[in-house]
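What follows is one structure encoded as structure tokens, with my remarks underneath.
Here, each number is a calculation from the coordinates, and none is a lab measurement. None of the values given here were measured: they were computed from a predicted structure. As a convention, Cβ positions derive from the backbone with ideal geometry for all residues, glycine included, and neighbour counts pool all protein chains shown.
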Amino acid sequence: MNLNLNDKVVLVTGSSSGLGYAIARFLIEEGANIILNGRNLVALEKAHRELGSSDYFVADLTKAEDARSLIKKVVKKYARIDGLVCNVGSGSSVPPGEESLNEWERVFAINLFSTTNIVEASKEVISKEKGSIVCISSICGQEVIPGAPITYSAAKAALNSYVKGISRPLGNMGVRINAIAPGNLLFDGSVWQKKIKDNPSVVYEMLKGSVVLGKLGTPEDISSMCAYLLSSASNFVTGSVITVDGGQVH
């Protein structure tokens, strides 16, 4: 399927490494002009060299002023934004039962406010192109995953609710917004790579008992769904949280 992403200007946040990096690479292969974002200049420059992205900008999107500044820089240079991928996030937190106010605030800033800040800053610009926004969530926001940090799970549940709710006012502006809820992904540097190295039998037993397809996902599984949601092929899809987890969520 030709997704017609050629020459589209797409900003991918949190894209200097990991899943965001993989999404950016996939979209570049689809012909999009990709703008990278992250908090670390050295990591961004490295990703830019490796991917051959159109551009990159440092910004901490947990801060509303950074989000507004980032959008101003992109618009000044490219005059438009056709698509936005909100990928800033982290599942690192304290074990269940050890939450504190500071930890709640930190995790919500990374996993929810980084998205609300950049969507608020960019919605007027994206509306001019009748563009699309894709938010990277998690299956942890859909049901209780044993052992998953409660702070992270609650933040992703809030993100899912935000996507569903904000889709109505954004839709009135001609902007679509959806979320992808990935399951367990395997890639270089991922937590599952470490778990397989440390105790492969435990991982395979988990997959056998909890995941219908019996395997871990790849960044490409998420990237291809992301490309679809950014494209005109998904013109009638908004306010959805799409699960990509191999059949783990009940």
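Quick one: order Tyr228, Tyr152 by neighbouring beta-carbon count within 10 Å, fewest to most.
Numbers: Tyr228 18, Tyr152 23.
Ascending Cβ contact count within 10 Å gives the list Tyr228, Tyr152.
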Would you calculate a helix-derived [θ] at 222 nm for the chain, using -39,500 (n - 2.57) for each DSSP H run of n ≥ 4 and dividing by the full residue count, to the nearest 500?
-> -14500 deg cm²/dmol
What list of whole percents do you get for P(r) of the stretch 189-241, with Cα-Cα distances grouped in 10 Å bins up to the one holding the largest distance?
-> 20, 35, 25, 18, 2
³J(HN,Hα), Karplus 6.51/-1.76/1.60, whole Hz, each residue of the stretch 62-70, x for Gly, Pro | 6, 10, 4, 5, 5, 5, 5, 5, 4
Fewest-first sequence of Met173, Met225, Met206 by Cβ atoms within 10 Å of each Cβ | Met173, Met206, Met225
Here are some pairs, Lys46/Lys156; Lys8/Lys156; Lys8/Lys123; which of them have Cα atoms lying more than 19 Å apart in this structure?
-> Lys46/Lys156; Lys8/Lys156
Sorted largest first, extent of the stretch 53-162 alpha carbons per principal axis (Å) = 47, 24, 24
How many angstrom lie between the C-alpha centres of the stretch 173-190 and the stretch 25-85?
-> 17 Å
Neighbour-count ranking for Asp188, Asp221 (other C-beta within 10 angstrom, fewest to most) reads Asp188, Asp221
On each of the three principal axes of the Cα atoms of the stretch 1-104, give max minus min coordinate, whole Å, ordered largest first.
-> 47, 31, 26
At q = 0.07, 0.11 Å⁻¹, what log₁₀ I(q)/I(0) does a Debye calculation on the Cα points of the chain give, no solvent, two decimals?
-> -0.22, -0.55
Rg/Rh for the stretch 115-250, where both radii come from Cα atoms and Rh is the Kirkwood radius = 1.02
Rotationally averaged projected area of the stretch 54-114 (alpha carbon convex hull; nm²) = 5.0 nm²
Using θ = phi - 60° and the Karplus form 6.51 cos²θ - 1.76 cosθ + 1.60, what ³J(HN,Hα) does each residue of the stretch 151-161 get, whole Hz, x for Gly and Pro?
-> 4, 5, 4, 5, 5, 6, 5, 5, 4, 4, 5
Distance from the Cα centre of the stretch 109-157 to that of the stretch 233-250, in angstrom?
-> 14 Å
Listed by chain and number, the residues whose amide H is under 5 Å from that of Leu185, excluding neighbours fewer than 5 places away on the same chain and using placed H, are Gly217
